[in-house]
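The values are calculated or read from the model by the stated rules, or taken from the named source; none is laboratory data. None of these values were measured; they are calculated from a predicted model. Ideal geometry is used to build each Cβ from the backbone, glycine not excepted, and the neighbour counts take in all protein chains shown. Calculation scope for accessible area: heavy atoms of the full protein, side chains included, ligands and nucleic acids excluded. Shrake-Rupley method; radii C 1.70, N 1.55, O 1.52, S 1.80 Å.
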Amino acid sequence: MLGFLTARQAGVDDPLRLRRAESTRRVLGLKLNPDRDVDRIHGNGINTIDIEAVEGRYMLSGGADGVIVIYDLENYSRKLQYTCKAVCTVGRSSRYVHKFSVETVQWYPYDTGMFVSSSFDKTMKVWDTETLKPAEVFAFEGNVYSHHLSPIARKHSLIAVGTTDPKIQLCDLKSGSRIHVLQGHRAEILSVRWSPRYDHILATASADSKVKVWDVRRASGSLFTLDQHNGDKSKASSEAVNTAHNGRVNGLCFTGDGLYLLTTGTDDRMRLWNSATGENTLVNYGKVCNESRKRLQFTVSRGCSPEFVFVPCGSSVAVYALHTGELVTMLRGHYNNVDCCEFHPDYQELYTGGKDCNILAWVPAPRAPDVEEESTTANQAAADQSSVNPAFQDAWSSDED
């Protein structure tokens, strides 16, 4: 650490190098925090969580019980041990609550005054955070598996929605209507994701084993379909041509810079793709357990070097190095299957939710003092003792003397 600070002070190092190094150290030191609890509100499994990007303070959760909860992650007590309190809840007693399981929740990217939820009750609701009432309700013909708002869009306010219908729905927040459909898949759409690099690029994953990348400005079909064999037909059976996985594709996640796209499938594989060309990078992550029939919410770190992937794997969370595929560690703490995880880039923390109805907080272990720091402290203490001015030393003698 002192070496980094010295190099930064001398202007030798890039300003971001120290930040990346410390962020990486913190992620590698993630462990379950026994001093931080999250209010247990849900009466059934937790399907989805989201942390707002404006302040990094409020977290949304949606459960299989149809309940939506907003948590305040701030520690006001300043005590080591504290609980992240639920500040408001759309519970079963609310007339506006979803009737069935909530599959996806997401904050509006630019303001905590609004969030969006979608459910197996065939609706997607746009909520006013202040009143906890839906400002807009979109109704669909089938269960809604996934929706996503672009984190960077300024020219459009489209929400991509994946349902049991093989067509992707594009809903406009401003007009409150469904304005377009994207056709090309042959089965239900399990996950949708906008690129964090280009506001017009959308990725979609389906139960037909395919992942398609779209430019929503074009009226024609998708830009390309991801092929796990990179076009080598000798390796692919007739059924596996232009497929991303040999099973249902239920997870999508772009890296923070948008240059790469990660996919997970029920073939127990995770793949890393070049998002510009659609090329399979062939990084081998080994077996990545995936028993989910619905959308799987996994996440990627931001600001680290290298970056890491956090993937639910049974009752644990597997942590992989993004570009090498190395399994770094397994985070164990849940006692039932984990369904979602969300990375907090401001503090390099991880929040996970599962079928045990718990949200767990994984935080970096405190940094051990450097050897240089310890020796410096010891030398300083010795110097302080030896440098005491004789005038201030105790020179009193007792009466007996």
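Just need the relative contact order of the range 34-364 here, percent rounded to a whole number, with Cα pairs under 8 Å and 6+ apart.
12 percent
I need the calculated FRET efficiency for the pair Leu282 and Asp215, taking r as the beta carbon distance and R₀ as 30 Å, to the nearest 0.05.
FRET efficiency, Leu282 to Asp215: 0.75.
Can you pull the one-decimal nm distance between simple spin-label points at Ala135 and Asp37, each 7 Å off the Cα toward Cβ?
Rounded to a tenth, the inter-label distance reads 3.5 nm.
Provide Rg over Rh for the chain; use the alpha carbon set for both Rg and the Kirkwood Rh (inverse mean inverse pair distance).
1.09
How high is the relative contact order of the range 122-194, given as a whole-number percent (alpha carbon pairs under 8 Å, six or more residues apart)?
26 percent
Towards the positive end of the charge dipole of the range 151-190, with charges on Cβ (+1 Lys, Arg; -1 Asp, Glu), say which of Gly184, His156, Ile168 has the farthest Cα.
Value: His156.
State, to one decimal in nm, how far the label point of Asn274 lies from the label point of Tyr347, with both points 7 Å from Cα in the Cβ direction.
Taking the simple label geometry, Asn274 and Tyr347 are separated by 3.9 nm.
Work out the length of the dipole vector of the chain about its Cα centre, built from +1 on the beta-carbon of each Lys and Arg and -1 on the beta-carbon of each Asp and Glu, and round it to the nearest 20 debye.
2300 debye
On C-alpha positions alone, give me the angle between the axis of helix 15-28 and the longest principal axis of the chain, in degrees, nearest 10.
80 degrees
Enter the angle in degrees (range 0 to 90, nearest 10) between the Cα long axis of helix 371-386 and the first principal axis of the Cα atoms of the chain, meaning the one along which they spread out most.
The angle comes out near 20 degrees.
Which value in deg cm²/dmol, rounded to the nearest 500, describes the helix-derived mean residue ellipticity at 222 nm for the chain, given -39,500 (n - 2.57) per DSSP H run of n ≥ 4 and division by the residue count?
So the calculated ellipticity at 222 nm is -3000 deg cm²/dmol.
Considering only protein heavy atoms and a probe of 1.4 Å, how much of the accessible area of the chain is carbon and sulfur, as a whole percent?
48 percent
Hey, can you find the accessible area per residue of the range 34-364 for me, probe 1.4 Å, expressed in square angstrom?
Result: 42 Å² per residue.
Over the chain, what is the percentage of antiparallel beta bridges among all DSSP beta bridges, to the nearest 5?
Antiparallel bridges: around 95 percent, rounded to the nearest 5.
Would you work out the charge dipole size for the range 265-314 about its Cα centre, treating the Cβ of every Lys and Arg as +1 and the Cβ of every Asp and Glu as -1, and quote it to the nearest 20 debye?
180 debye
Excluding same-chain residues fewer than 8 positions from Lys287, which lysines have a Cα within less than 21 Å of its Cα?
Qualifying lysines at Cα under 21 Å: Lys210, Lys235.
Do any trypsin sites (Lys or Arg not before Pro) in the range 146-175 lie in a DSSP loop with no more than 13 other beta carbon atoms within 10 Å, and if so, which?
In loop regions of the range 146-175 (DSSP not H, G, I, E or B), the sparsely surrounded trypsin sites (Lys or Arg not before Pro) are Arg154, Lys155, Lys174.
Excluding same-chain residues fewer than 8 positions from Lys79, which lysines have a Cα within less than 28 Å of its Cα?
Lys31
How about Lys99: which lysines have a C-alpha closer than 29 Å to its C-alpha, ignoring those fewer than 8 places off in the same chain?
List returned: Lys85, Lys122, Lys125, Lys133, Lys167, Lys174, Lys294, Lys355.
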